[in-house]
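The values are calculated or read from the model by the stated rules, or taken from the named source; none is laboratory data. For clarity, every value in this text was computed on a predicted model and none was experimentally measured. Neighbour counts run over all protein chains shown; Cβ positions are idealised from the backbone, glycine included. Only protein heavy atoms, including side chains, enter the accessible area calculation; ligands, DNA and RNA are left aside. Shrake-Rupley method; radii C 1.70, N 1.55, O 1.52, S 1.80 Å.
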Amino acid sequence: MSYNKILSIQDISCVGQCSLTVALPILSACGHETCILPSAVLSTHTGGFEGKFTFRDLSDDIPAIQQHWQKAHIRFDAIYTGYLGSTKQIAMVKDIMKTLGNPDCKNIVDPAMADNGKLYVGFDQAYVNAMKSLCSSADVLLPNITEASFLTDSEYIESYDESYIDMLLKKLTDLGSKTIILTGVSFKKDKTGVMVYENSKKSYYEHKKISKGSHGTGDVYASAFVGSLMRGKTVFESAKIAADYTVMCIENTYKDESHWYGAKFETALPDLMKMLGMC
Ligand code: PXL
């Protein structure tokens with residue numbers, strides 16, 4: 001049965017096409033019941049809107065929500081985390097993974113905290129260290145190269161060969177997750193791809209690189225990956241479907257200069273459903 005109850009824990013950026021406003025519709029389109037635990041509420045994402053974004057950390061609400069769900073015997077088939085509101089929240093999320101999963105629950109961690117060599121505004125080394133500890137609870141970890149370099153205390157470099165990727169994968173598995181999907185792995189100028197590390201084996205899926213990336217595409221990718229995995233696709237198939245879908249979303253967006261802040265992921269939802277054999 002591929003209808004699953006998935007909990008996604010990440011922020012609500014009210015405007016900006018990232019985090020929960022992306023995860024909810026994508027997981028629903030993949031045919032799953034999607035429950036949410038908002039980590040924080042922001043007026044927009046932190047990536048470049050004019051003025052000052054608002055930020056309300058919801059950490060203090062989480063213990064009571066968790067207790068209620070435990071009392072109500074609510075359990076999840078997958079727990080998928082993204083951008084979290086605070087360092088102290090990460091310990092709470094670890095506890096949720098321990099207590100609210102069904103026996104075969106898959107814990108999927110997107111350590112959404114950095115891109116292009118830099119941490120997102122508001123994050124610091126303490127947050128990185130806490131995120132390292134969440135990696136030990138992850139069945140699947142989905143970092144980009146920047147996040148991988150922060151999580152492993154490695155230098156971030158833009159031009160590398162496979163030995164750099166091998167080093168990152170080795171150090172990431174040392175943090176405790178056996179399956180790693182490393183995104184944005186590029187060995188050629190006009191190509192990028194995902195390196196999938198599973199059962200001590202590497203497989204690479206290369207795809208088109210569109211130079212104009214946008215905010216939230218990591219969330220589009222992770223959500224499509226989780227949606228596909230929970231429909232019974234293998235890890236590699238899910239990584240490939242998520243990559244093809246994300247490329248479509250960026251292609252449907254980048255020519256529209258007014259839409260700089262996110263990807264028009266809605267436009268390719270029918271394609272995602274087709275790739276999953278749903279229509
Ligand atoms: O995962 C991207 C993301 C999520 N949430 C918030 C962000 C960003 C990226 O900038 O600012 C609040």
Please go through the stretch 248-274 and pick out each residue that is touching a residue at least 60 places away in the same chain (Cβ under 8 Å) and open to solvent by 70 Å² or more (accessible area, probe 1.4 Å). TRP260, GLU266
Flag for GLY213 being within 16 Å of the ligand (Cβ to nearest atom) and open to solvent by 20 Å² or more (accessible area, probe 1.4 Å): yes
Do we find a residue being of a type outside the set (S, T, N, Q) and closer than 21 Å to HIS45 by Cβ anywhere in the stretch 63-77? no
Could you list, in sequence order, all residues of the stretch 125-157 that are within 15 Å of the ligand (Cβ to nearest atom) and assigned to a loop (DSSP other than H, G, I, E, B)? LEU142, PRO143
Any chance the stretch 186-203 includes a residue that's open to solvent by less than 70 Å² (accessible area, probe 1.4 Å) and within 16 Å of the ligand (Cβ to nearest atom)? no
Within the group SER223, SER149, which residue is open to solvent by less than 30 Å² (accessible area, probe 1.4 Å) and in contact (Cβ under 8 Å) with a residue 60 or more places away in the chain? SER223
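For (1) open to solvent by less than 50 Å² (accessible area, probe 1.4 Å); (2) closer than 29 Å to LEU119 by Cβ; (3) out of contact with any strand residue (DSSP E or B) (no Cβ under 6 Å at 6 or more places or on another chain); (4) assigned to a strand (DSSP E or B), each residue gets a yes or a no:
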| site | (1), (2), (3), (4) |
| --- | --- |
| LEU24 | no, yes, no, no |
| THR34 | yes, yes, no, yes |
| LYS52 | no, yes, yes, no |
| ASP61 | no, yes, yes, no |
| TYR80 | yes, yes, no, yes |
| TYR83 | yes, yes, no, no |
| ILE90 | yes, yes, yes, no |
For the stretch 57-66, does any single residue satisfy the condition of being within 11 Å of the ligand (Cβ to nearest atom) and either within 20 Å of the chain's Cα centre (by Cα) or at negative phi (or both)? no
With the condition kept exactly as written, say whether any residue in the stretch 266-277 is in a helix (DSSP H, G or I), over 19 Å from the mean Cα position of the chain (by Cα) and among the hydroxyl-bearing types (Ser, Thr, Tyr). yes
Those residues that are over 17 Å from MET273 (Cα atoms) and away from the ligand (no atom under 15 Å from the Cβ), I need them from the stretch 1-38; list them, please. LYS5, ILE6, LEU7, CYS35
Assess whether ALA126 counts as being open to solvent by less than 60 Å² (accessible area, probe 1.4 Å) and touching a Phe, Trp or Tyr at 6+ places or on another chain (Cβ under 8 Å). no
Inter-residue pairs, beta-carbon under 8 Å, first at pLDDT below 95 and in the stretch 41-61, second more than 10 Å from the ligand (Cβ to nearest atom), 6+ apart: GLY48/TRP260
Could you check, for the stretch 82-98, whether at least one of its residues is more than 11 Å from the ligand (Cβ to nearest atom), of a type outside the set (D, E, K, R) and touching a His at 6+ places or on another chain (Cβ under 9 Å)? no
Filter result for ALA242 (outside any strand (DSSP E or B), within 16 Å of the ligand (Cβ to nearest atom) and of a type outside the set (D, E, K, R)): yes
On the basis of being more than 15 Å from the chain's Cα centre (by Cα), farther than 17 Å from ILE96 by Cα and modelled with pLDDT of 95 or more, does THR21 make the cut? no
Anything in the stretch 153-178 that is polar (S, T, N, Q), within 27 Å of MET97 (Cβ to Cβ) and surrounded by fewer than 18 Cβ atoms within 10 Å (Cβ to Cβ)? List them, or say none. SER154, THR173
Which residues, counting only those in the stretch 168-222, are among the acidic types (Asp, Glu) and either at positive phi or in contact with a His (Cβ under 9 Å, 6 or more places away or on another chain) (or both)? none
